[in-house]
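Note sheet for the following structure.
The values are calculated or read from the model by the stated rules, or taken from the named source; none is laboratory data. Keep in mind that this is a model prediction, so the values were computed, not measured. Methodologically, a virtual Cβ is constructed for each residue, glycine included, from the backbone with ideal geometry; neighbour enumeration extends over all protein chains shown.
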Amino acid sequence: MSAIQQAEDLALQLADLAPEVRAEILRFADEIERLDSGLADPDDFKRFRLENGVYGIRGAPDRHMIRVKIRFGEINPDQLETTADLADEFTPTRSVHLTTRQDIQLHNVRRRDLPAALVALARSGMTTREACGNTVRNVTACPFAGVSPTEVFDVTPYADAVSLYFLRNPLNQSLPRKLKFAFEGCSEDHARTPIHDIGAVAAVREVNGRIERGFRIYVGGGLGAQPVSASLLEEFTPADLLIPTCEAIVRTFDRNGERRPEHIYRMRARLKFLAREWGFEKLRSAIINERRAIMATRSGLVDFHIDPLEETAPEIDIHGTPRDWSPSLHYQEWKRTNVVKQRQRGYSTVVVRCPLGDLTSTELRAVAGVARRWCAGRIRTAISQNLVLRWVSDEALPWVYRDLAEAGLAHTDAHSLADITRCPGADTCQLALTHSRGLAEALGDVLASEFTEIPEVQDLSMKISGCMNSCGQHHIADIGFYGASTEGEGVPLPQYIVLVGGRTEEGKAHFAKPVARVPARRAPEAARRLLSLYQAERTEEESFSGFINRVSVKRVRTVLDDLTVIPTIEEQPEIYRDLGADDQVFTAEVGAGECAS
C-alpha cells in the first residue's frame, strides 16, 4: 500500500471521531512519516510521542510501548477486548501490563503500527494522550469508590471531572515535569494519596445545618530517588473549589518549577523539590493566591460545580448456582481473600488477581466476558496491578468463581503477601538495571513453598522496581527491592537494595529503610530471612513496620550481612547473572530515560 493510500485509509477510519482526536492521530502518522524520511528531528518526535502516551523500548529504536490512560481506573468489557485485539495484532507476547497508575501498557509495538493502534483505542473510548511526558498524568482513584463501606462519599465524579478538565488542556502540555493526582474516599488509603503531587481525600463539614462535600488536598508528595510525603494544603477545600485549586497548583508549578535542561536539574523538576526550595508555607500562599486570581477572572460561562454520583445496582439474571456446585476449599479461600463486601447489601467486589501485573489477550477477553455477564461490565483497574469487578451479586459469586477458574484466573491472595507489585524492569524499560519480573517470579516460588500457611505474614506487601525510580513503589512496601549494580573484580554484577518498613496512611507516607545491598540471585533468600525473622520474633498483633521500629534496622541488617558478600566470578559464576535473564551477560548500561524529556 502506498503512503497516499495509507493516509486515505487512516482518514476514513477517523471520519466519525472527535475533531481533536482525529487531528492528533493524523499528525502522529505524519510525524512518523517525517521521521522515517529524515525530515523530523528525533528529539522533537520523542517529545511529541511522549505527550501522546508512547515511550521508547530498550534496545529497539523502531519499537515502542503504548500506555493507555484508564482515567480514574474505569474500564468496560468492550475496552478490555479492544486491548486484547491490539495485543494479538501488535505485540510479540500477545499480552498487556497493568501499571501502578491504573494504566494498561502494550509493549514492543512497531512504530508503523502506532496510528492503527491509536485509532482502535480512540474508537473504543480510550486515549493515550498525556499518559507520558511533562503533563498531568493519569488521574487515579480508589478502585472501591462508590461501593466501599468505609468511604466518606464516592470520589468517582470528582476524579472524572478533574481528569477531563486537564485532558488536552493547554495548561498541561509543557510542564517542568509530570504531575500525578490521586483521589481517595476511604479510610484505608487504597489510592496512596501521600505519595502524589496532588492527593485529594474526601471530607465533609456541616454549614448552617447542611452537609457540604469537599476535600483535604495534599500537595508535593512523590517517590523516586528522594521520596517525600505530601503536605496538607488547607483543612477543607469545598468541592466547588476542587478544579480551581488543582488548576492553581498546576499554574504555580508551571511558572516556578525547575526548567533548566541539564540532567542534574531535570531530576529536580518535580513539585516536591519546589516545595523544598520555597518551604511549604510559601508554596501554599502562592497556590491560594493563584486560586483567588482564577476565581476572580474566570468567564461567566465557567462552572466548577461537580454533581455527586450514586451508582445503582445492575439488573443481572441469576438462576440458582452452577450445576453440580459444591463449594470447594479453594472457592472458600478465594472468597475470603478476593471478595470484599460492598456497602450495598447483597453485593460484593471481586478482585481478579493478575500475577506480576500481566494479562494475556485470552485472559483479557475472559475477564470481559465474566464482567459483562455477572456485573453489567463494571470494572476498575487498581494500582495493585489487579482488576476489580464491582456490583457482583452475592448470589452470583459461585458463577463468577467458576468462570474465572475455567479461565485460569481464580488466583487467591489478592492484596496480600503473594500479590507482588513490580515494574516492567529491564525487559523493556530503558532506565532499569534489573529484570524485576525475574525477581517477582522467584519470590513467588519462595512464598508458595514456604509461607502460604503462615497467617502472620499474609498482610505484608512486597514491591519491586528495576531501578531507584520507584515505579514499583518499593519505598512504601513492607519489604521492597530496587535494582542496582556493582563490580566484582571488574565484572558487573546485578544487585537489589533491600528496604523494610514502608507504608502509607492518610496524610503521611512512611518510607522503607534500606537494610542491605545483595546480589540479585540472593534477593529471594533475603526475603525468606526477613519473613522468618518477623514470624519468630514479633509480638502478638505487631505489624511489620512496628516490628522493624522495635528491633531496629541494625538488628535486621545483621540477619542479611552474609548475603552482601560478593564472591569472585570463578567462585560463583551464576551470581553474575540476573534473575529472569539467565542466558544474558549482565551489563550495567542503561539507556536515555524519557520520563524527564
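Worth a mention:
- Within segment 299-353, tally of residues that are outside any loop (DSSP other than H, G, I, E, B) and surrounded by 15 or more Cβ atoms within 10 Å (Cβ to Cβ): 13
- Criterion applied to Arg284, Arg268, Arg260 was being outside any helix (DSSP H, G or I), in the same structural domain as Arg216 (by TED's automatic domain parsing) and in contact with an Asp or Glu (Cβ under 8 Å, 6 or more places away or on another chain), and the one residue passing it is Arg268.
- Filter result for Ala248 (of a type in the set (Gly, Ala, Ser), outside any loop (DSSP other than H, G, I, E, B), more than 29 Å from the chain's Cα centre (by Cα) and surrounded by 13 or more Cβ atoms within 10 Å (Cβ to Cβ)): no
- Sole residue being surrounded by 23 or more Cβ atoms within 10 Å (Cβ to Cβ), at pLDDT 95 or above and of a type in the set (A, V, I, L, M, F, W, C), chosen from Ala440, Ala432, Ala407: Ala440
- Hey, Asp16 surrounded by fewer than 20 Cβ atoms within 10 Å (Cβ to Cβ), of a type in the set (D, E, K, R) and part of a helix (DSSP H, G or I) or not: no
- Residue match in segment 487-509 (condition: hydroxyl-bearing (Ser, Thr, Tyr) and either in contact with a His (Cβ under 6 Å, 6 or more places away or on another chain) or within 26 Å of Gln430 (Cα to Cα) (or both)): yes
- Residues that are assigned to a helix (DSSP H, G or I) and among the β-branched types (Val, Ile, Thr), drawn from segment 360-391: Thr362, Val367, Val370
- Restricted to segment 31-138, the set of strands (runs of 3 or more DSSP E) holding at least 2 residues that are in contact with a Lys or Arg (Cβ under 7 Å, 6 or more places away or on another chain) and surrounded by fewer than 21 Cβ atoms within 10 Å (Cβ to Cβ) comprises 60-68, 104-110.
- The residues listed here are Ile497, Ile476; of these, the one that is closer than 20 Å to Arg555 by Cβ and touching a strand residue (DSSP E or B) at 6+ places or on another chain (Cβ under 7 Å) is Ile497.
- Any hit, segment 545-562, residues being touching a helix residue (DSSP H, G or I) at 6+ places or on another chain (Cβ under 7 Å), modelled with pLDDT of 95 or more and under 17 Å from Ser485 (Cβ atoms): no
- Of the residues making up segment 312-344, just one is touching a helix residue (DSSP H, G or I) at 6+ places or on another chain (Cβ under 8 Å) and of a type in the set (D, E, K, R), namely Lys335.
- Looking across segment 467-500, the residues that are buried (at least 23 other Cβ atoms within 10 Å of the Cβ), without any contact (Cβ under 8 Å) to a residue 60 or more places away in the chain and outside any strand (DSSP E or B) come down to His474, Ala477.
- Of residues in segment 178-192 being without any contact (Cβ under 8 Å) to a residue 60 or more places away in the chain and part of a loop (DSSP other than H, G, I, E, B), the one nearest to Val250 (Cα to Cα): Gly185
- Among the residues making up segment 516-542, those that are outside any helix (DSSP H, G or I) and either touching a residue at least 40 places away in the same chain (Cβ under 8 Å) or β-branched (Val, Ile, Thr) (or both) are Ala516, Arg517, Val518, Pro519, Arg538, Thr539.
- Test: Val559 is surrounded by 19 or more Cβ atoms within 10 Å (Cβ to Cβ), touching a Lys or Arg at 6+ places or on another chain (Cβ under 6 Å) and farther than 20 Å from Gln458 by Cα: no
- Test set (1) part of a loop (DSSP other than H, G, I, E, B); (2) surrounded by fewer than 24 Cβ atoms within 10 Å (Cβ to Cβ); (3) at negative phi; (4) at pLDDT 95 or above - Arg168 fails condition number: (3)
- When segment 193-223 is filtered for residues that are within 30 Å of Phe481 (Cβ to Cβ) and in a loop (DSSP other than H, G, I, E, B), the ones remaining, listed by number, are His196, Asp197, Gly220, Gly221, Leu223.
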